[in-house]
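Working notes, beginning with the structure itself.
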């Protein structure tokens, strides 16, 4: 019914007895419902244009930002037997505190005087090395003395050879003189014999001349003999000079051989001493490993090896310790499709287990009970779960994380992305399109525009 006439049927004829007509008449309640439906549709339509913050949600757990501050297992460096526990589980220990002491189980370390006796061996070897070193010095001095003495002896030999040479020259001149005297004497004897035969000289003069001639002959023989003796002395001096070199070389070779032998013994003693010193240092260091010390301040989390008298192997874990100091962080994992949206410096909101929170992921301004974080590292490869690990530290610009937050607590991470209209987000979700995110340049431009 168009209801364009000014005459109302209900005024002319009452609808009391006509139920079908009463149904067609709009009541106040129905009008109210239509208005509510209309207003609701308008509100929903307007909400489609409200800003919506896109996000990526991921589970994680609380850890330490620095690797050295994370929970660690303390191992035994040496094999041994548990002797005494000094702490209990949950106790706080400072760096250097003794956690447990162990005793040796290898027979080569049973000696209680192992270090002093090893030190005695080291001292003995060092003294032996010193003795050989002094022997090398003595032999070196002996070699120097031999060389100096050889210079003097050779000079004496050269002088003796020169003297023998001059003696040969002198005896040669004397021998030549004797031969001339012999010739003169022979001629004088012949003249004397001739004059004696002629009666001009007496027999006594002839006999006197013969005696003198005999003396001349003897002097020639003596001069020749002296010359031969001088030549023999020259040859002996020459041989003696060569013998001086040979004797010096022999003595020098023997002294050098003794020196090299002493040097070899010295180096061997020094090497043995160094080896013993190394062994002593190893023993001393090993004795320090008999007490398991706390590497840093922290709390004893779990004793893996328990009891007394239990034997442990080298490198076997003994106890777990959780460091007490360090900056907290959250390890969260994202799928490969969301990895391009993760960047170092991006803001992340967290909901920690045990802290109630009211979260509107699309409207983070209305959320309450969440804590801020900043991405500091992203793994370059996917883990065994085919997801990438993202390390998030506390945001210094946001509210501080709870002081009682412990390592290993669960954390629900929400990485905030771009602000888009609600209708766009619904359309993106229906079509399966990836989320949008701001670049650094876009963030700077948006910040300038807000200012």
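Bear in mind these aren't lab numbers, they're just calculated from the coordinates by the rules spelled out. If you're wondering where the values come from, they're calculated on a predicted model, not measured in any experiment.
What is the log10 of I(q)/I(0) for segment 114-288, computed with the Debye formula using one identical point scatterer on each Cα and no solvent, at q = 0.10, 0.12, 0.15, 0.20 Å⁻¹?
-0.69, -0.79, -0.92, -1.14
Given the convex hull of the Cα atoms of segment 264-415, what is a quarter of its surface area in nm²?
Values: hull surface 66.3 nm².
Its average projected convex-hull area is 16.6 nm².
When the gyration tensor of segment 57-203 is built from Cα positions, what are the square roots of 5 times its three eigenvalues, in whole Å, from largest to smallest?
On the way: eigenvalues 2535, 92, 22 Å².
In descending order, the three semi-axes are 113, 21, 11 Å.
Would you work out if segment 179-251 is rounded, prolate or oblate? Take a ≥ b ≥ c from the square roots of the eigenvalues of the alpha-carbon gyration tensor; rounded if a/c is under 1.5, else prolate when a/b is larger than b/c, oblate otherwise. Mind dumping the intermediate values first?
On the way: a/c = 11.68, a/b = 5.98, b/c = 1.95.
Here segment 179-251 falls in the prolate category.
What shape does segment 282-327 take by its C-alpha gyration tensor, where a ≥ b ≥ c are the square roots of the eigenvalues and a/c under 1.5 counts as rounded, a/b above b/c as prolate, and the rest as oblate?
Values: a/c = 2.79, a/b = 1.38, b/c = 2.03.
Oblate, because a/c is 1.5 or more while a/b does not exceed b/c.
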